[in-house]
Amino acid sequence: MSFLQPLISGILTGGVYALAGIGMSLVFGVMNISNFAHGDLMMLGMYLAFFSFTLLHIDPYISLVLIIPIAFMFGYMMEKVFINRVIHHPHQNQILLTVGLGLIMSNTALLAFTSDPKILTTTYSSSAFNLFGDISVSVPLLLSFLITCLITVILYLFLSKTATGMALRATSQNREAAQLMGINVAKMSAIAFGIGTALAATAGALIAPTYYIHPLAGHSFLLKAFTICVLGGLGSVVGAGVGGIIIGVVEAMSSTYLSSDWKDVIVFVIFLAVLLFRPQGLFGKKGGQ
Amino acid sequence: MLDIKNLNAGYGEMHVLRAIDLTISQGEVVSVVGSNGAGKSTLLKAISGIIKFTGMITWNNESLSSLKAHTIVQRGIVHVPEGRKIFPEMTVVENLMMGGFLCKKDQQKNLERVFDLFPKLAQRRTQLGGTMSGGEQQMLAIGRGIMGNPKLLLLDEPSLGLSPLFTEVVFGAIRTINTSGVTVLLVEQNVYQSLNISHRGYVIETGRIVLTGTGEELLNNQDVKKAFLGM
Ligand SMILES: Nc1ncnc2c1ncn2[C@@H]1O[C@H](COP(=O)(O)OP(=O)(O)OP(=O)(O)O)[C@@H](O)[C@H]1O
Ligand SMILES: [Mg+2]
């Protein structure tokens, strides 16, 4: 089989991973908190897409129009009610809190939706077309990738051109100085967490048509999101974007040339290797935390 | 204008400022001098709302004790922190725009004001803050403060680590800023220069004010001479 096949599917899947990684990285940058509930927020996005499809008959890609604002509000409130209480606390408290919130979400999902995996089958779920003769490109993956690109561009413009976006960047570069500029950093934290949640849920919704939807589905994505953030340099949004693509390609390559059992192991090895040898990330300049 | 009475502040369990009394009137340059760790930066942080305090800080008859830092900026108290705290991955212009975050309608006018004060910044509009030299960063930090339309400007060791030439530029700028109607509270270790441009000054030692007077009085004070001027 051509080397291009895993490369292209890897890039397409990686785009969606990138979205999850960017969300986590933004939260880390602005709040200096590692969000261990990020994977579970993705899982919520999967279920939101699933139920919009089965109950409201809305196409999973169209349902993003609903899912994004709902997830943003959910994340915003979650920050206001829980996360902001630990923002000045030691990291172990923050980890306990976000792990706890994640457990509550996944276990609530277990109770509500049972542990039976659900499958979201659209008319195009398994459709694909051929490129250069022998490379098959999955239609839902391609759509997800294009939507990811669109969202990333919008996010980039938001962060670089709008007052709120610039205030978010300022807060992430120097929280105290941002405060001295008259920026309400508490509000910025809530907005960052809202955006992070929206991105996680979007990533979840985008992969819903191609994955099993399961209450514990978020856990494997949490490790990926972490690896992506670390790879891109914690807090760097652009780095997370590139990191996501890299992880997608690495996974696709290891599934093709080794076996799909190996792909999680390889991701984990990359995670450790980056932490050991390049904690500032591939593109980072600052010292690692 | 600013009235501080019996101010106590610190970090968690650690008490730093003890029973500070200090006033600043409209149009003044007031210096606070003292050695390392005396509590000078802590005083500015209490005024700008970065840390909590007990006692009274009143600004134009309004108590600042319940106000958040971003609201205090809105009231016209702008703090240029020690160590500059430039946004490293933003350009010079972006850094200045962040300084004008709360008064966007004056942004163009204030940008010109900053570029008049520090022509060097005008030549470096698109340079990233993090790649500037210490002296240039200090100019940027002061410029960023001016973008916020301050009525009272709090400056924390603006001459720290600067060459004599840059120090001259910075002190000259402080004079110009003050002449344009901005009241200045200046924290410095460069005691001679700062008292020289100040109307009044305070000497702070381990969190207490031990001496106060006009700039000239303090410069001629025997204890000040011995402790800070090496005479
Ligand atoms: N964030 C903090 N947490 C705990 N202690 C602090 C903190 N910041 C300052 N301190 C302590 O408070 C005391 C006063 O510090 P402060 O920074 O106000 O001194 P300073 O007069 O500005 O000194 P310098 O001239 O060296 O800047 C010092 O003992 C310092 O160690
Ligand atoms: Mg200090």
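Counting only Cα atoms, region A:19-222 measures 57, 40, 30 Å along its principal axes, largest extent leading.
Can you give the percent of C-alpha pairs in region A:90-165 whose distance is more than 16 Å? When every Cα pair of region A:90-165 is considered, 75 percent fall beyond 16 Å. Counting only lysines at least 8 places from A:Lys161 when in the same chain, those with an alpha carbon closer than 20 Å to its own are A:Lys187, B:Lys104, B:Lys105. Only lysines eight or more places from B:Lys225 in sequence, or on another chain, were considered; those with a Cα closer than 26 Å are B:Lys40. Dividing the helix sum by the residues of chain A, where each DSSP H run of 4 or more adds -39500 (n - 2.57), gives a mean residue ellipticity at 222 nm of -23500 deg cm²/dmol. To the nearest 0.05, what FRET efficiency results for A:Ser259 and B:Gln26 with a Förster distance of 51 Å applied to their C-beta separation? Working from the Cβ atoms, E equals 0.10.
What does the buried accessible surface come to for A and B, summed over both chains, with the probe at 1.4 Å? Round to 100 Å². Summing both chains' loss of accessible area gives about 1900 Å². Compute accessible area for region A:172-210 by itself and then with all protein chains, 1.4 Å probe, and report residues whose area falls by 20 Å² or more. Those residues are A:Gln173, A:Asn174, A:Glu176, A:Ala177, A:Gln179, A:Leu180, A:Met181, A:Gly182, A:Ile183, A:Asn184. Pairwise Cα separations in region B:12-88 fall into 5 Å bins from 0 onward with the following percentages, short to long: 3, 12, 24, 27, 21, 10, 3, 0. Accessible surface of the protein assembly as shown, 1.4 Å probe: 62 percent of it comes from carbon and sulfur atoms. Against chain B, whose longest principal axis is taken from its Cα atoms, helix B:134-146 shows a tilt of about 90°. Between B:Leu165 and B:Met1, the modelled labels are 3.3 nm apart [label points 7 Å from Cα along Cα→Cβ]. Summarising the label geometry, the points placed 7 Å from Cα in the beta-carbon direction at B:Ala122 and A:Ser136 lie 6.6 nm from one another. For the protein assembly as shown, the equivalent ellipsoid derived from the alpha-carbon gyration tensor has semi-axes of 53, 23, 20 Å in decreasing order. Compute the helix-to-body angle for A:4-31: its Cα long axis versus the longest principal axis of chain A, expressed 0 to 90° and rounded to tens. The two axes meet at around 20 degrees.
Which FRET efficiency, nearest 0.05, do B:Gln189 and A:Leu275 yield, Cβ-Cβ r, R0 25 Å?
Here the calculated transfer efficiency is 0.05.
The calculated FRET efficiency for the pair B:Glu216 and A:Ser126, based on their C-beta separation and a Förster distance of 60 Å, comes to about 0.10.
Spherically averaged projected area of the convex hull of Cα atoms, region B:2-229: 11.8 nm². Placing a pseudo-label 7 Å from each Cα along the Cα-to-Cβ vector at B:Lys109 and A:His89 gives an inter-label distance of 4.7 nm.
Our summary gives region A:19-222 a relative contact order of 49 percent, counting only alpha carbon pairs under 8 angstrom and 6 or more residues apart.
Summed over the residues of the protein assembly as shown and divided among them, the accessible surface reaches 43 Å² per residue at a probe radius of 1.4 Å.
The values are calculated or read from the model by the stated rules, or taken from the named source; none is laboratory data. Keep in mind that what you see is a predicted model, and the values were worked out from it rather than measured. For neighbour counting, all protein chains shown are included, and Cβ atoms are generated from backbone atoms with ideal geometry for every residue, glycine included. Calculation scope for accessible area: heavy atoms of the full protein, side chains included, ligands and nucleic acids excluded. Shrake-Rupley method; radii C 1.70, N 1.55, O 1.52, S 1.80 Å.
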